[in-house]
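The values are calculated or read from the model by the stated rules, or taken from the named source; none is laboratory data. Nothing here was measured: the structure is a model prediction, and the numbers come from that model. Every residue, glycine as well, gets a Cβ built from its backbone with ideal geometry; the counts of neighbours run over all protein chains shown.
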Ligand SMILES: [Zn+2]
């Protein structure tokens, strides 16, 4: 048992979010997600009178939660033209992405921006040992009383956002990881599927900001799929099983471990691509080198990357045809193939889509482990600001 690293949080820590709840919460959320906004614009968006809005914002400004966007709190609250913003430095959150090998941790502010990042290796999958390791890295990162929550993202499912029902990479079944971590840190802890967490971060602070319906496809060790419908991240008990990973994308592709010919896992993932490249070249070739070789015109690398990009294009087109999102965000630590194989990707999307269909809005976002960990932090952030007063 490690000591509670956050037990020394001083009295009078960060300001409470909106204990008033109700419309005050709506005001604070609108400023957090769409700000900075003038009071006039806020009143218009929330369909409130100027007088009601001033009454609601006054205590939020006095508490230091909202500030004039010049950066200084204005307790007179009497300048309706001056934009209001959330003081993003007022609160911080730790996010941790767990893989089978490491815990990638970040500290983010109230605006979802990454302030610091750190990674530690895991030498055991034993839950108490992982919790000890995560608590220590969180304590190192979160050397500030502004930290009010921890989020954990993993390839698995936690229906109550605390107990991990299943996490294949860690070989966990019914592990009360949220509890183990809360005991060690003294902070509220939220556990979420990693793709759902990444999707939540894109929804509030990323490429999905302001969209009601969008999809996220991730490529890395596996293939992940996240969906926001009517402004909510879709969750399901089967998240974490990697179902989309076995979607067929190439009838002539290699076999996956489950025996599917040319499924997304066999065609797109980092392990599959590096294995094929290494076999062809007779030496170990990593993912970054594979991309460089493809760009330099190495025939084997070029063909592998283009075939993978065409496969990704089929998956993108299928998602677009079946769920009709306003945007598809491509990310993950193995998404470089979407850029290096950009022409093949676009060609494949065009081939699979009806020529009369709307032009697809596809955005490629960097997807390293910092971004995965940020997703976990944003889940903790959402839990904090949406928690009922
Ligand atoms: Zn498969």
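Taking the stated definitions as given, is residue 161 on the phi > 0 side of the Ramachandran plot and under 19 Å from the mean Cα position of the chain (by Cα)?
Values: on the phi > 0 side of the Ramachandran plot: yes; under 19 Å from the mean Cα position of the chain (by Cα): yes.
Considered against the rule, which asks whether it is on the phi > 0 side of the Ramachandran plot and under 19 Å from the mean Cα position of the chain (by Cα), residue 161 comes out as yes.
Could you run through region 110-127 and say how many residues are more than 18 Å from residue 198 (Cβ to Cβ) and in contact (Cβ under 8 Å) with a residue 12 or more places away in the chain?
The total comes to 9.
Each row is one residue, and each column tells you yes or no for (1) surrounded by 15 or more Cβ atoms within 10 Å (Cβ to Cβ); (2) closer than 22 Å to residue 387 by Cα; (3) modelled with pLDDT under 90.
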position	(1), (2), (3)
22	no, yes, yes
33	yes, yes, no
37	yes, no, no
41	yes, no, no
59	yes, yes, yes
69	yes, no, yes
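Within region 254-269, which residues are buried (at least 21 other Cβ atoms within 10 Å of the Cβ) and touching a helix residue (DSSP H, G or I) at 6+ places or on another chain (Cβ under 7 Å)? Full working, then the answer.
Of all residues in region 254-269, those buried (at least 21 other Cβ atoms within 10 Å of the Cβ) come to 263-269.
Selection gives 263, 264, 265, 266, 267, 268.
Any residue at all in region 274-289 that is under 27 Å from residue 166 (Cβ atoms) and either within 15 Å of the ligand (Cβ to nearest atom) or crowded, with 20+ Cβ neighbours inside 10 Å (or both)?
Yes: one or more hits.
Residue 323: in contact with a strand residue (DSSP E or B) (Cβ under 8 Å, 6 or more places away or on another chain) and either closer than 20 Å to residue 271 by Cβ or not assigned by TED's automatic domain parsing to the domain that holds residue 273 (or both), yes or no? Walk me through it before giving the result.
Values: in contact with a strand residue (DSSP E or B) (Cβ under 8 Å, 6 or more places away or on another chain): yes; either closer than 20 Å to residue 271 by Cβ or not assigned by TED's automatic domain parsing to the domain that holds residue 273 (or both): no.
When the stated conditions are applied, residue 323 does not pass them.
Condition first: away from the ligand (no atom under 11 Å from the Cβ), closer than 22 Å to residue 315 by Cα, at pLDDT 95 or above and out of contact with any strand residue (DSSP E or B) (no Cβ under 9 Å at 6 or more places or on another chain). Can you find one or more residues in region 253-270 that meet it?
No, every residue in region 253-270 fails to be away from the ligand (no atom under 11 Å from the Cβ), closer than 22 Å to residue 315 by Cα, at pLDDT 95 or above and out of contact with any strand residue (DSSP E or B) (no Cβ under 9 Å at 6 or more places or on another chain).
Got at least one residue in region 225-244 being within 16 Å of the ligand (Cβ to nearest atom) and in a helix (DSSP H, G or I)?
There is at least one residue in region 225-244 that is within 16 Å of the ligand (Cβ to nearest atom) and in a helix (DSSP H, G or I).
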